[in-house]
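K.L.:
Got a structure for you, written out below as C-alpha cells; questions coming shortly.
The values are calculated or read from the model by the stated rules, or taken from the named source; none is laboratory data. All values derive from a computational prediction rather than experimental measurement. For neighbour counting, all protein chains shown are included, and Cβ atoms are generated from backbone atoms with ideal geometry for every residue, glycine included. Surface areas here come from the heavy atoms of the whole protein model, side chains and all, with no ligands, DNA or RNA. Shrake-Rupley method; radii C 1.70, N 1.55, O 1.52, S 1.80 Å.
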Amino acid sequence: MFQALIDVILPVFLVVGAGYGLVKINYFQQTHVEGVMKFAQNFAIPALLFKAISGLDLSASFDPKLLISFYAAASLCFVIGILGARLLFNRPWEDAVAIGFCCLFSNSLLLGLPITERAYGADNLTGNFAIIAFHSPFCYALGITTMEIVRNKGGGSLKTMTSVLKAMFQNVLVIAIVLGFIANLTGLHLPGSAAEALNVITRAALPCALFALGGILVKYKPEGDLRTILCVCTVSLLVHPALVFLFGTALSLPQDLFRSGVVNAAMATGFNGYIFANLYGRAKRVAASSVLFATGLSVFTVWFWLAVLG
C-alpha cells in the first residue's frame, strides 16, 4: 500500500503541489497558470481526447455496464448531496442543488486520467475515455434540469435550459469528443506528420493541466460551512466510488473497466462544481472550498481505493 502512494499517487500530487507552491510564493502569477490551464483545457486535452476516442474500439470501450455503474452512482450522489444540504444543513433548495452538483461531478479528466495511467498503464484507459465522453453532457443536463425545476417550482425554463445546453455543447472538449467519434466511425486518419504533431501536443496535456490545477487552487479560500464541505468530500471521495464498486461487482464488469470506474468515481470534486455554483450564484463558497479540501484529502482516499482494487 505504501509503495502505491510513492509510485502512483505522490508524483501526480507533487506536480499539483508544485503549481500551488510556486503561485503561493508569487514565483508565478495567477495569470500565468490560467494561461497554462487554458492551453491544457482548450487545446492539449481536447487533442488528447480526439486522439484517444478516434482510436478506441467502441464495441469494447462503451460497455453499458460501465456507464450504468458510474452514472447511476453519480446520480445517487447528486440526490444524496441535495437531500443532505437541505435536510441536514437547512440550505435553500437552490443551494442544495449546487451542493449536490459538487457531489456529482468528479475530476475524472485532470486527476482520473493521470492516476489511472500511473496505476494501471496507458493501455488501460479505455474505460476512462468512455466515462469522460459522457461526463459533461450528462452532469450538466442533470444539474441544469434540476436547478431550473427548483427555480421555477416545477415549471422549468426551456429558454434558459436551451441556451445553457447550447453553450455547453459549444465547449471545445465536447467538440473534440464528437470529432473523435466521427473519425473513429468513418475510419479517417491524420497524415503521418500531423499525427506525430498531435502526439507531441498530447504528451504535454496532463503535466500542464496538473501544474495549472495546483496554481489555480491558490485562489480557492477555505471558507463556508465546514460541515457541509466535509459532507461533499465524504460523498465525492468515499460514497461515489463505493457505489460504483458495488454496482460494478453486481454487473460483473471486466477488470480494466471496473478499475477505471472506481478510480474516476474516487476523484475529488472538479472545477465544474464551482463553475455550476457560480453560474447560478448559489453556494459558491461551499463549492470553491469543496474543490480545495477534496483535492487535498484525495491523496489519502485514492491511496485507499487503489489498495482495495489491488
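K.L.:
Per residue of the range 38-44, in order, report the coupling 6.51 cos²θ - 1.76 cosθ + 1.60 (Karplus, θ = phi - 60°) as ³J(HN,Hα) in whole Hz, putting x for Gly and Pro.
P.N.:
5, 4, 5, 6, 9, 9, 5
K.L.:
Right, something else. Placing unit charges on C-beta atoms (Lys and Arg positive, Asp and Glu negative, everything else neutral), compute the dipole magnitude of the range 15-156 about its Cα centre in debye, rounded to 20.
P.N.:
My answer is approximately 300 debye.
K.L.:
Please work out whether the chain counts as rounded, prolate or oblate from its C-alpha gyration tensor, where a ≥ b ≥ c are the square roots of the eigenvalues and a/c under 1.5 means rounded, while otherwise a/b larger than b/c means prolate and anything else oblate?
P.N.:
rounded
K.L.:
Between Thr145 and Leu179, how many nm apart are label points set 7 Å from Cα along the C-beta direction?
P.N.:
Those two pseudo-labels are separated by 2.9 nm.
K.L.:
Then there is this: Sort Ile132, Ile275, Ile201 by accessible area with a 1.4 Å probe, largest first.
P.N.:
Heavy-atom accessible area, descending, gives Ile275, Ile201, Ile132.
K.L.:
For the range 298-310, in order, what is each residue's ³J(HN,Hα) by Karplus, 6.51 cos²θ - 1.76 cosθ + 1.60 with θ = phi - 60°, in whole Hz (x at glycine and Pro)?
P.N.:
Computed from phi, the couplings for the range 298-310 are 5, 3, 8, 6, 5, 4, 4, 5, 5, 5, 5, 6, x Hz.
K.L.:
I want to make sure I understand the PRE zone here: with the label point 7 angstrom from the Cα of Phe304 toward its beta carbon, which residues in the range 214-256 have backbone N atoms less than 17 Å away?
P.N.:
229-246
K.L.:
Further question on the same structure: With every protein chain left in place and a probe of 1.4 Å, what is the accessible surface of Phe62, to the nearest 10 Å²?
P.N.:
40 Å²
K.L.:
Next question, about the same structure. What size of dipole, in debye to the nearest 20, comes out for the range 216-310 about its Cα centre when the only charges are +1 on Lys and Arg C-beta atoms and -1 on Asp and Glu C-beta atoms? It would help to have the intermediate numbers written out before the result.
P.N.:
Working: 7 positive and 3 negative charges, 67 e Å.
Dipole magnitude for the range 216-310 comes out near 320 debye.
K.L.:
Mind telling me which of Ile45, Ile175, Ile25 comes out most flexible in a GNM of the chain, alpha-carbon contacts under 10 Å?
P.N.:
Sorting by GNM fluctuation, first place goes to Ile25.
K.L.:
In sequence order, what are the phi-derived ³J(HN,Hα) couplings for the range 77-86 according to the Karplus relation 6.51 cos²θ - 1.76 cosθ + 1.60 with θ = phi - 60°, rounded to whole Hz, with x for glycine and proline?
P.N.:
Each residue of the range 77-86 in turn: 5, 4, 5, 4, x, 5, 5, x, 5, 6 Hz.
K.L.:
So what is the accessible area of the range 218-310 per residue, in Å², with the probe set to 1.4 Å? Before the final figure, lay out each step's value.
P.N.:
Numbers: 3640 Å² over 93 residues.
That works out to 39 Å² per residue.
K.L.:
Can you compute the modelled spin-label distance between Ser75 and Arg227, with each label point 7 Å from Cα toward Cβ, in nm?
P.N.:
Between Ser75 and Arg227, the simple spin-label model gives 3.1 nm.
K.L.:
Order the following by accessible area, largest value first: Arg227, Arg282. Probe radius 1.4 Å; ligands, DNA and RNA are ignored.
P.N.:
Numbers: Arg227 150, Arg282 70 Å².
Order by accessible area, largest first: Arg227, Arg282.
K.L.:
Counting Lys and Arg as +1 and Asp and Glu as -1, each charge on the Cβ, what is the dipole of the chain about the Cα centre in debye, to the nearest 20?
P.N.:
860 debye
K.L.:
To continue, here is another question. Go through Tyr280, Tyr20 and list them by solvent-accessible area, largest first, probe radius 1.4 Å.
P.N.:
Sorted descending by solvent-accessible area, the residues read Tyr20, Tyr280.
K.L.:
Which of Pro11, His32, Ala72 sits farthest toward the positive end of the charge dipole of the range 1-117, with +1 on the Cβ of Lys and Arg and -1 on the Cβ of Asp and Glu?
P.N.:
Comparing the listed Cα positions along the dipole, His32 ranks first.
K.L.:
Can you give me the three principal axis dimensions of the range 13-103 from its C-alpha atoms, in Å, biggest first?
P.N.:
44, 43, 23
K.L.:
Could you tally up the Lys pairs in the chain with alpha carbons closer than 15 Å? Skip any pair fewer than 8 positions apart unless they're on separate chains.
P.N.:
Lysine pairs satisfying the spacing and distance rule in the chain number 4.
K.L.:
Over all directions, how big on average is the projection of the convex hull of the alpha-carbon atoms in the range 176-288, in square nanometres?
P.N.:
10.4 nm²
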